[in-house]
1. Does at least one position in the stretch B:493-509 carry a residue that is under 30 Å from residue B:59 (Cα atoms), in the same structural domain as residue B:392 (by TED's automatic domain parsing) and among the polar types (S, T, N, Q)?
2. Quick one: in the stretch A:81-94, of everything that is facing chain B (nearest Cβ under 7 Å) and among the charged types (D, E, K, R), which residue is nearest to the chain's Cα centre (by Cα)?
3. Name the residue that is surrounded by the fewest Cβ atoms within 10 Å (Cβ to Cβ), counting only residues in the stretch B:444-466 that are among the acidic types (Asp, Glu) and more than 16 Å from ligand 2 (Cβ to nearest atom).
4. Among the residues of the stretch B:423-476, how many are within 15 Å of ligand 1 (Cβ to nearest atom) and either in contact with a strand residue (DSSP E or B) (Cβ under 8 Å, 6 or more places away or on another chain) or within 14 Å of chain A (Cβ to nearest Cβ) (or both)?
5. So residue B:111 passes all but one of these: (1) surrounded by fewer than 20 Cβ atoms within 10 Å (Cβ to Cβ); (2) free of Cβ contacts under 8 Å to residues at least 40 places away in the same chain; (3) within 14 Å of residue B:77 (Cβ to Cβ). Which condition number does it fail?
6. Taking the conditions exactly as written (within 9 Å of another protein chain (Cβ to nearest Cβ) and touching a residue at least 12 places away in the same chain (Cβ under 8 Å)), does residue A:44 satisfy them or not?
7. Being on the phi > 0 side of the Ramachandran plot and away from chain B (no Cβ under 14 Å) is the filter; apply it to the stretch A:165-194 and report the residue that is modelled with the lowest pLDDT.
8. So, in the stretch B:145-186, how many residues would count as being among the small types (Gly, Ala, Ser) and assigned by TED's automatic domain parsing to the domain that holds residue B:55?
Amino acid sequence: MTNIGPSVVPMSLPGGRSSRGVSLHVLSVLVENRAGVLARVAQLFSRRGYNIYSLAVAPTDDERFSRLTVVVDLESAPLEQITKQLHKLINVIKITEIDPVDAVEQELLLAVVAADVSSRGQILELVGIFGAKVLDVGLERLTLALADTPEKLDDFTELIKVFGLIEVQRSGRVALAKLNRGGGRGGISRGKAS
Amino acid sequence: MKLTGAQALIKSLEMQGVEVIFGLPGGAILPVYDPIIDSPIRHILVRHEQGAGHMAEGYAQVTNRPGVAMVTSGPAATNIVTPLANAYMDSTPMVVITGQVATSSIGTDAFQEADTTGITMSITKHNWLITDAAEIPEVVAEAFHVATNGRPGPVLIDVPKDVSNQMMDWYWPDAVDLPGFKPTTKGHPRSIQAAARMIKEARRPVLYVGGGVIRAGASGALLALAEKTGIPVVTTLMARGAFPDSHPLCLGMPGMHGNYSAVTAMQKSDLLVTLGARFDDRVTGKLSGFAPEAKVIHVDIDPAELSKIRHADIPIVGDVRSVIEDLIEALDKGEAGEMVQADLTPWISRIREWQKLYPLSYDRDGTGNGLKPQYVIETLSSLTPEGSILASGVGQHQMWASQYWRFDHPNAWVNSGGLGTMGYAVPASIGAKVGRPDKMVWAVDGDGCFQMTAQELVTASAERIPVKIALLNNAYLGMVRQWQEMFYDQRYSEVYLSPDLPDYVKWAEAMGCVALRVEAPEEVAPAIEKANDINDRPVVIEFRIDSSEKVYPMVPAGASNDEIVLGPSYGGAR
Ligand SMILES: Cc1ncc(C[n+]2csc(CCOP(=O)(O)OP(=O)(O)O)c2C)c(N)n1
Ligand SMILES: [Mg+2]
């Protein structure tokens, strides 16, 4: 699967709900904010047969640059090849490899769930436990939002599924390396070459 | 100074020192063709845009300077896709300029609109769609910088028609600013030290030399390294001429149709000193069986090549010339300098034995149905002045050319290696002759290839570019025929072309060439001598060759290099 464009992540992850599958790795890619840069990254992945698990794109505080957070599936290719090939793109400035273990990660989930009078109370209870938000209220439905780690999003989805999920949209994760407090490895940044 | 975008574009090319553009005009690029009239840059009008691209490549392959091609939008841009892909595979520096529909029409399926930057994204190092004429000088400077620095390759600049007509204030940038493009050129000293030690310890080392050595202008450094260490050299298809064939340490070409001794030396080696080469499948054969005992030192300007196919024990990112020079120094000084190099005498004598037992050979007095192609190329090589340039198409004739031409100089072999593009020879030889008018330029071509791009001989006649074509007519798509003969039970499917349809002599004459047909062995040398004396127009010699002749040695596809087949001249093997 190569997900590009609107950063959609499948509702349930392959191989169970753990998104910490060993083969997934997060790359935080600083790119020049030029027309077509997303297409270049996406085309590189598809042309070389690398699988993108999720992709999130946003401008940075410096308007010349954007940051892509790409979750790659290392079953398709070794991480080293992927980062080296990415580096060959002229618009790629810096790549930070973030091992999920050493990352702070967040993802946004929007979910429309069936909520009639009998189930609404239970759903709101879960909303409270997870620190989610109710964005919209209909007669028979609720639209919920949760921003948290991908794992928490998985858990939340699993629990509200029983009430009847009508629509789910996830943003794909964004991540930064954990701050170094002496022991942690943090992210490994690779400078440019060729 | 106010200029139109078109004027700024041509002026930017002049600033880059461009001396020739290969191209063909059309609607979207029309404004840019007007200032060409007033420019000192020579424009060569091709007959097909593929020809423009291959000419630019041929020019670059012999000069090590970027070739420039210019074409219009839509179908012209798609016609030049093949040369871009070819140049990308063979790391040939090339700048292609395409016209584009006006910015306001982009995305509307306007007449002759194609998504050129989208189509060429994966076959260029980078491409640019210009949206404001003010960007032109900066983008041109960046484009040449990217094409020629780091691993060389093609780039493309797409110029919408309204941008060409837009007025801008002329400037020329002092420097390019590409924060995401900073190639490493200097090898890491510690890795170089480690490599020097590994070289001194090796008992069966081979210098595995690829096209990167030619692109980096590293032939002189390579010669010094080989002579200093006494390590034998193999030159891949892309590297023919990077090290002289006449040198006693040269083992020739490795790979699917390589010399027995080159292939086998790599197989038995304990150290492959890999210089600007990339472990192409045509070199390695079945990867799991390739050089099983060899450690690998891998030097390349492109970090992504290191350990891509074969694990590198010592990866070194850098310009191969600079790294070789540092390596030579490290062999003399420091820790490695104190070590005594292992004795290579037993290794060299083993190789000499293979060379004696299994040289390249063919059946010289064979009673086939035509000339022996190997004989034609040997004769061509011996009658043509030292330092001449040879271009080639793709197929059997290419392999015979690589095997039987004597390569003694870099940048004198113009061929399509990575992509294997039929039809490369005629336009590439024209570009080569434009780049090196002082050299004699021959192309060895197949009848199949010739029919793909021969029309560029009209360009050559019109522009008085006296290239010489040795057409090896075997009436077949010979390389495919060879595979059908060997691996498909001689079931020949769609490979027959006919020896006399078209009539190559008449066709060449119609294109303004001198044309000769040679059918007997004793006519070969006189015809070549006659062609060598013609300097005012292109010459085509059609050699009627034996259609049953095959290329040997051969490592069958998917087999290990240990399973090399020597061929019938060694007594009936297949
Ligand atoms: C554009 C293109 N189409 C098809 C091929 C596949 N192919 C490789 S060699 C070959 C035959 C070439 O025939 P010819 O030019 O007559 O050379 P010969 O092998 O007979 O010497 C073909 C069809 C190719 N390499 N390039
Ligand atoms: Mg043929």
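1. Let us first name the residues in the stretch B:493-509 that are under 30 Å from residue B:59 (Cα atoms), namely B:502-509.
In the following step, the residues that additionally are in the same structural domain as residue B:392 (by TED's automatic domain parsing) were identified as B:502-509.
Then drop every residue that is not among the polar types (S, T, N, Q), which leaves none.
No: zero hits.
2. This residue is A:84.
3. So in the stretch B:444-466, the residues among the acidic types (Asp, Glu) come out as B:445, B:447, B:456, B:463.
Going one step further and asking which of them are more than 16 Å from ligand 2 (Cβ to nearest atom), we end up with B:456, B:463.
Numbers: B:456: 30, B:463: 17.
Selected residue: B:463.
4. Looking only at that region, the number is 20.
5. (2)
6. On the way: within 9 Å of another protein chain (Cβ to nearest Cβ): yes; touching a residue at least 12 places away in the same chain (Cβ under 8 Å): yes.
So residue A:44 passes the test.
7. Residues of the stretch A:165-194 that are on the phi > 0 side of the Ramachandran plot, as a first pass: A:172, A:182, A:186, A:194.
Remaining after also requiring away from chain B (no Cβ under 14 Å): A:172, A:182, A:186.
Numbers: A:172: 88, A:182: 65, A:186: 47.
This residue is A:186.
8. First, pick out the residues of the stretch B:145-186 that are among the small types (Gly, Ala, Ser): B:147, B:150, B:153, B:164, B:175, B:180.
Okay, now just the ones that are also assigned by TED's automatic domain parsing to the domain that holds residue B:55, so B:147, B:150, B:153, B:164.
Matching residues across the stretch B:145-186 total 4.
The values are calculated or read from the model by the stated rules, or taken from the named source; none is laboratory data. This is a predicted model, so every value here is computed, not measured. Methodologically, a virtual Cβ is constructed for each residue, glycine included, from the backbone with ideal geometry; neighbour enumeration extends over all protein chains shown.
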